Amino acid sequence: MFFNFSRRKLALLSIDFAVLLILYTVSCAIGCFTLGVKIDFLVYILYFLISAVMIFSLRSAFRVYSHVLRYANSTVYISMVIADGFCAIILLAIGLIPSLATPPAIVTVAYMALSNVATLSSRFLYRIIYKRSHRDSRPEHKGRIGVAIVGAGQVGTLLCEELLYNEKSPYYPVCFVDKDANKIGSKVLGLPVYREDEKIVDTLSRLPIGEVFIALTKISAEQTKALHELYASTGCKVKLYDVPIKEASSQNQKRVIRDINIEDLLFRDSLVVSGSLSKEYYKDKCVLVTGGGGSIGSELCRQIAACAPKRLVILDIYENNAYDIQQELLRKYGDSLPISVEIGSVRERARLEAVFRAYRPQIVIHAAAHKHVPLMEHSNAEAVKNNVFGTYNTADMAEKYGAEKFILISTDKAVNPTNVMGATKRLCEMVVQCRTDSKTSFVAVRFGNVLGSNGSVIPLFKRQIEAGGPVTITDKRIIRYFMTIPEATGLVIQAGAMAGGGDLFVLDMGKPVRILDLAENMIKLSGFTPYKDIDIKEIGLRPGEKLYEELLIKTESLKKTESDMIFIEHDTPFTREEVEDKLALLREAIKAAELNVADESVKAAIKSVVPTYREPSEINSESENAAEMKIAMV
């Protein structure tokens, strides 16, 4: 591949060198014979060599030779014009130096203008010849899928060219669909452009089309949903030609043909997280991520790795997940990113101390936790051991070994909790908030459900749809706040960079989503009709579950930060002594129940130490008048 690339580049340079030599000779001849200019042969040769070196250097600097000619766009040609323009200015400036013997300015201007026009013309000529020579050698349509491209602009035409001339493509373009009146009825790249209106479904149904590709520059979640519903009614599979959500914040953004997923149909656009502050803060520091192999923890590791830390330490009890993220980062960064993976539990103080003593992390991001609500209702003692005392142990080690900052991943379920999991996370917040006298800055970040995370509703719905249904939801009225994994972790990292000691950050999760709508959309995305092909069954609320999570963003109790999506909760922390008393009660309850699989006494102890704990029935009885439920219904 490298050889082919070098040969192509050498061929371009050779052609351009020949063009420059011919046109320089022509320019000098014009100057000599029509204007009577005399040019010394030595000056002629030396000036040409200097100008050629400058032209190639500037074109290389503007990456003119880095593009494949047949896919070159207007940006490449403009770059060439700018590069040659700079070169002309420099050569003219050199000609103003009295002590140097150079051709007259008229020769330089003619030379640069003619060479630029000729070089551009050679590029256009190549593209015309290439397209004509490959038109007859394009793959036969047999066995290939016909597609309609929605969007006859720059993005759509680039996609069309790739499909037309890529012999390995399983697709062939049949037509464009657009709203631009200037394009409708005409042809683009030899394909007809149809109007996107109420007749488009019938039009496409009559054509040999199996899939529809949406190729638009910018598209909102609402537009994606509307377009999917429109074109799915043709019976065709609908796909997007865009940058995947996971790569939306990266520098190397490359459009791909991909399936529409549930993240694309969120009832708001995905957030764009600014990374400049984060990169500066985490750069050249040792960062430890507990639970680093989980769905949230692994994405935290990916985004931290992009900040060029001095070392990334991944701590997880489950070795398979830790291994997967380690290998992924090694493939991407190689030796440029020092990575250490340690297997261990945050419940084990001795193991934690060994890790902290070995690496002395400057930043600790604590993502290790049990989070499954029904399971933690049953195994409540384990929830306390892992979530509460695991956080306590990790916070102690961070203080003992001089960490600069400790960032706790919390949840919206910690707000007036109705279940063991939420209550333990509220206790985790107490554990870190009480350390206001510490040299280590302790902060907590709250956010809601994360789409696609382990144990979330999305993987469950996918499995149920693949099995032919039914899709089960606990209650058709239930609502939740959602974020994508990259945006949630990006905001956590950003909040951690701006945090001071004792801060409790809350993330703006946008508008709450009805789980029923989520289920219906996922069934549609899978090519089925809800209630016809795949049924949706209501099975009743689970233990500790409430119909709605309370608003994280209540402006009267929040302080704004420099980010529009991150706020600070005004919360009076408990003292260390008060928190220690609460933990002592929990230790006693756990010890008393250690021979039981499940014990209500532990749950009773949790309720007694979390003042904001409420029964699910109490919260659910208020659902009809809750602001959160009203927002979701809009």
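Search region 151-173 for residues being charged (D, E, K, R) and open to solvent by 30 Å² or more (accessible area, probe 1.4 Å), and hand back the single one that is nearest to Gln223 (Cα to Cα).
As a first pass, look at region 151-173 and keep what is charged (D, E, K, R): 161-162, 167-168.
Subsequent filtering for residues that are open to solvent by 30 Å² or more (accessible area, probe 1.4 Å) retains 162, 167-168.
On the way: Glu162: 25, Glu167: 32, Lys168: 31 Å.
Residue satisfying both the conditions and the ranking: Glu162.
Taking interchain pairs and intrachain pairs at least six residues apart, which have beta carbon atoms under 6 angstrom, with the first residue in region 144-157 and of a type outside the set (Val, Ile, Thr) and the second in a helix (DSSP H, G or I)?
As it stands, the answer is Ala148/Leu204, since those pairs meet every condition given.
Is region 343-350 home to any residue that is closer than 30 Å to Asn596 by Cα, in contact (Cβ under 8 Å) with a residue 40 or more places away in the chain, in a helix (DSSP H, G or I) and among the basic types (Lys, Arg)?
So far as region 343-350 goes, yes, one or more of its residues are closer than 30 Å to Asn596 by Cα, in contact (Cβ under 8 Å) with a residue 40 or more places away in the chain, in a helix (DSSP H, G or I) and among the basic types (Lys, Arg).
Looking only at strands (runs of 3 or more DSSP E) that fall completely inside region 516-634, which ones have 1 or more residues that are modelled with pLDDT of 85 or more and open to solvent by 60 Å² or more (accessible area, probe 1.4 Å)?
536-538
(1) closer than 26 Å to Met522 by Cβ; (2) open to solvent by 20 Å² or more (accessible area, probe 1.4 Å): which one isn't true of Thr224, the others all being true?
The failed condition is (2).
If a residue must be open to solvent by 20 Å² or more (accessible area, probe 1.4 Å) and within 14 Å of the chain's Cα centre (by Cα), how many such residues does region 300-315 contain?
3
From the set of residues in region 135-150 that are outside any strand (DSSP E or B) and surrounded by 14 or more Cβ atoms within 10 Å (Cβ to Cβ), which is modelled with the highest pLDDT?
Result: Arg144.
Starting from region 416-437, take each residue that is under 14 Å from Asp396 (Cα atoms) and part of a loop (DSSP other than H, G, I, E, B) and list its partners that are open to solvent by 10 Å² or more (accessible area, probe 1.4 Å) and hydroxyl-bearing (Ser, Thr, Tyr), counting only C-beta distances under 7 angstrom and pairs at least six apart or across chains.
Close Cβ pairs (under 7 Å, with a partner that is open to solvent by 10 Å² or more (accessible area, probe 1.4 Å) and hydroxyl-bearing (Ser, Thr, Tyr)) amount to Cys434/Thr575.
Let me confirm something: among Leu125, Leu114, which residue is at pLDDT below 80 and not basic (Lys, Arg)?
Answer to the check: Leu125.
With (1) surrounded by fewer than 18 Cβ atoms within 10 Å (Cβ to Cβ); (2) over 19 Å from Lys283 (Cα atoms); (3) of a type outside the set (Phe, Trp, Tyr) as the list, and Ala383 as the residue in question, which single condition is left unmet?
Tallying (1) surrounded by fewer than 18 Cβ atoms within 10 Å (Cβ to Cβ); (2) over 19 Å from Lys283 (Cα atoms); (3) of a type outside the set (Phe, Trp, Tyr), Ala383 fails exactly one: (1).
Please go through region 427-483 and give me each residue that is surrounded by fewer than 21 Cβ atoms within 10 Å (Cβ to Cβ), within 30 Å of Phe567 (Cα to Cα) and among the acidic types (Asp, Glu), ordered by number.
Asp437
Among the numbered criteria (1) open to solvent by 10 Å² or more (accessible area, probe 1.4 Å); (2) closer than 23 Å to Glu353 by Cβ; (3) among the polar types (S, T, N, Q), which one does Thr290 miss?
Condition (1) is where Thr290 drops out.
If a residue has to be over 15 Å from Ala221 (Cβ atoms) and open to solvent by 20 Å² or more (accessible area, probe 1.4 Å) to count, how many in region 495-513 make the cut?
Total satisfying the criteria: 6.
Just one of the numbered conditions (1) in contact with a Lys or Arg (Cβ under 6 Å, 6 or more places away or on another chain); (2) open to solvent by less than 70 Å² (accessible area, probe 1.4 Å); (3) modelled with pLDDT of 85 or more is not true of Phe267; which one?
Answer for Phe267: the failing condition is (3).
With respect to the numbered conditions (1) acidic (Asp, Glu); (2) over 22 Å from Ile566 (Cβ atoms); (3) open to solvent by less than 10 Å² (accessible area, probe 1.4 Å), which one is the sole condition not fulfilled by Glu377?
Condition (3) is where Glu377 drops out.
Just one of the numbered conditions (1) surrounded by 15 or more Cβ atoms within 10 Å (Cβ to Cβ); (2) modelled with pLDDT under 80; (3) touching a helix residue (DSSP H, G or I) at 6+ places or on another chain (Cβ under 7 Å) is not true of Tyr47; which one?
(3)
The values are calculated or read from the model by the stated rules, or taken from the named source; none is laboratory data. As the structure is a prediction and not an experimental result, all values here were calculated from the model. Positions of Cβ are generated from backbone atoms using ideal geometry, with glycine treated the same way; all protein chains shown enter the neighbour counts. Heads up: the accessible areas ignore ligands, DNA and RNA and are worked out on the full protein's heavy atoms, side chains in. Shrake-Rupley method; radii C 1.70, N 1.55, O 1.52, S 1.80 Å.
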